1. How far apart, in nanometres, would the label points at Ala10 and Thr138 be if each is projected 7 angstrom from Cα along the Cα-to-Cβ direction?
2. Per residue, how many Å² of accessible area does the chain show with a 1.4 Å probe?
3. Provide the FRET efficiency to the nearest 0.05 for the Glu190-Ser44 pair, computing r from the beta carbons and using R0 = 25 Å.
4. Quick check: net charge around Gly203, other residues with Cβ under 14 Å of its Cβ, Lys/Arg +1 and Asp/Glu -1?
5. How much net charge surrounds Pro51 when only other residues with a Cβ under 11 Å from its Cβ are counted (Lys, Arg +1; Asp, Glu -1)?
6. If each of Ile121 and Leu78 carries a label point 7 Å out from its Cα toward its Cβ, how far apart are those two points in nm?
7. At what distance in nm do the modelled label points of Met198 and Arg88 sit from each other, each positioned 7 Å from its Cα along Cα→Cβ?
8. What does the charge add up to near Pro189, with Lys and Arg as +1, Asp and Glu as -1, over the other residues with Cβ less than 15 Å from its Cβ?
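The values are calculated or read from the model by the stated rules, or taken from the named source; none is laboratory data. The shown structure was predicted, so the numbers you read here are calculated from the model rather than taken from an experiment. Every residue, glycine among them, receives a Cβ derived from its backbone with ideal geometry; neighbour counts consider all protein chains shown. In case anyone asks, the SASA skips ligands and DNA or RNA and just uses the protein heavy atoms, side chains included. Shrake-Rupley method; radii C 1.70, N 1.55, O 1.52, S 1.80 Å.
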Amino acid sequence: MVEIKAEPFAFPLRRDKLALIVIDMQRDFAEAGGFGASLGNDVSRITRIVPDVKRLIAGFREAGLPVIHTMECHRPDLSDLPPAKRNRGSPALRIGDEGPMGRVLISGEPGTAILPDLAPIDGEVVIEKPGKGAFYATPLGDILKDLGIEQVVFAGVTTEVCVQTTMREANDRGYECLLAEEATESYFPEFKRAAIAMITAQGAIVGWVASVNAIVEGIAHA
Ligand code: TIU
């Protein structure tokens with residue numbers, strides 16, 4: 001068994017049980033005029049991690065391991081958007097409203113798409129999710145079961161919102177969760193640090209964290 005150098009201690013890699021889940025690397029969170037910007041955030045923090053996410057995805061593809069992408073988005077008729085969620089954020093541009101990149105966080109709209117540099121390739125699973133967590137109201141759990149996955153590496157945005165929520169959901173479902181440190185980001189640097197501390201505290205209560213290099217080298221040698 002290969003061990004990946006990680007915090008709070010080495011991650012026991014089981015290569016045939018491992019998948020990568022890339023959370024919500026969408027234009028709406030990374031580009032001006034999108035949902036993230038409408039909430040008043042500095043979206044340039046998100047675009048800066050694209051090369052690291054790309055390197056991580058490439059490592060999984062080269063190793064022949066599953067890469068799963070998620071997108072936070074809603075149906076055009078908003079039937080999966082609770083009013084409590086729609087009413088949150090900036091009244092100027094809510095989920096479902098027409099923005100500079102089409103309707104905000106609506107399936108199929110230009111702004112909802114995954115950033116071109118990180119686009120899924122043929123055969124990769126793409127999960128459209130209405131919540132912050134990727135297991136809620138999606139087929140992700142069944143898909144992971146069918147693939148025989150028991151360990152998940154996480155990347156994407158934002159660390160303390162959709163990434164952490166999904167890691168907690170996965171942890172409760174029995175998956176061993178490893179966060180790729182430079183391949184995740186928050187609009188708030190202190191929230192990224194705090195989320196990583198919360199995840200790894202108490203003997204990896206939610207999961208581990210490791211560098212992209214350590215993960216890519218680990219899977220290449222496993
Ligand atoms: N994907 C994700 O994290 N959705 C968010 O709304 N995150 C924020 O930090 N706003």
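1. 3.2
2. Numbers: 9610 Å² over 222 residues.
Accessible surface, normalised per residue, equals 43 Å².
3. Numbers: r = 17 Å, r/R0 = 0.68.
After rounding to 0.05, the efficiency reads 0.90.
4. Details: positive: none; negative: Glu7, Glu176.
Neighbour charge sum, excluding Gly203 itself: -2.
5. Numbers: positive: Arg48, Lys54, Arg55; negative: Asp52, Asp117, Glu182.
Here the charged neighbours net out to 0.
6. 4.0
7. Placing both labels 7 Å beyond Cα along the Cβ direction yields 1.3 nm.
8. On the way: positive: Arg45, Arg48, Lys192, Arg193; negative: Asp42, Glu160, Glu181, Glu182, Glu185, Glu190.
In short, -2.
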